[in-house]
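Asks: Structure below; questions to follow.
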């Protein structure tokens, strides 16, 4: 019965399509969850953002955050274009970037810890700006590793890589922006509480120590 066979084949194709769409949806949900948990977990970016907000206020923190946003997307573009793979194929490049990243984080930790100090040359120092935000991401080897995982895994649209990549960029930024703004707001909120100078200094020290912990984790094998 040709008609019956055709109907069975059509039903099978529909079942395959439904199964494929379900699999793609599961992968997309898994991707969204991975991005969320990677970004919400305290790391160099969010800790520095909160620290600058607490130490210097909202506007300097927002400027730094814009730089961080630009740097984040530059790293993602480097990974997607294959440029990062070419650069990291040179063995010592990763070690150089790791040392540069650790050194810059130590510098930022110092700036945050000493903000509001009575030492004149420290108090008059300007907060890290747009370039500081860009630099923090572009010298961070773990940022490249995370983006490589996100953009090479979770293939929820394998038949159209360009569309999948654009959707991933949109999802990452849609989650990245509010999370970092929340961390910045939390830091600014601490500053606006008008806490005693000693308490504010203790908070800055805590932020700096948290960043030092991130540096320690970064250099561990």
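Asks: Would you check which residues across the range 149-168 are surrounded by 15 or more Cβ atoms within 10 Å (Cβ to Cβ) and within 14 Å of the chain's Cα centre (by Cα) and list them?
Replies: Across the range 149-168, the qualifying residues are 150, 151, 168.
Asks: Looking only at residues that are assigned to a helix (DSSP H, G or I) and more than 18 Å from residue 48 (Cβ to Cβ) in the range 145-154, which one is modelled with the lowest pLDDT? Steps first, answer last, please.
Replies: The initial filter retains those residues of the range 145-154 that are assigned to a helix (DSSP H, G or I), namely 145-152.
Now restrict to residues that are more than 18 Å from residue 48 (Cβ to Cβ): 145, 147-152.
Details: 145: 76, 147: 83, 148: 82, 149: 81, 150: 83, 151: 85, 152: 82.
Among them, the one singled out is 145.
Asks: Output the helices (runs of 4 or more DSSP H) that fall wholly within the range 1-96 and possess 1 or more residues being within 18 Å of the chain's Cα centre (by Cα), modelled with pLDDT under 80 and surrounded by 15 or more Cβ atoms within 10 Å (Cβ to Cβ), or say none.
Replies: Working: elements: 2-40, 44-56, 58-81, 83-88.
Passing ranges, in order: 2-40, 44-56, 83-88.
Asks: On to the next question. Only one of these conditions is not met by residue 168: (1) part of a helix (DSSP H, G or I); (2) under 22 Å from residue 62 (Cβ atoms). Which number is it?
Replies: The single condition residue 168 does not satisfy is (2).
Asks: Could you check, for the range 97-107, whether at least one of its residues is closer than 14 Å to residue 145 by Cα and at pLDDT 85 or above?
Replies: The answer is no, given that none of the residues of the range 97-107 is closer than 14 Å to residue 145 by Cα and at pLDDT 85 or above.
The values are calculated or read from the model by the stated rules, or taken from the named source; none is laboratory data. A quick note: this is a predicted structure, and the numbers were derived from the prediction, not measured. As a convention, Cβ positions derive from the backbone with ideal geometry for all residues, glycine included, and neighbour counts pool all protein chains shown.
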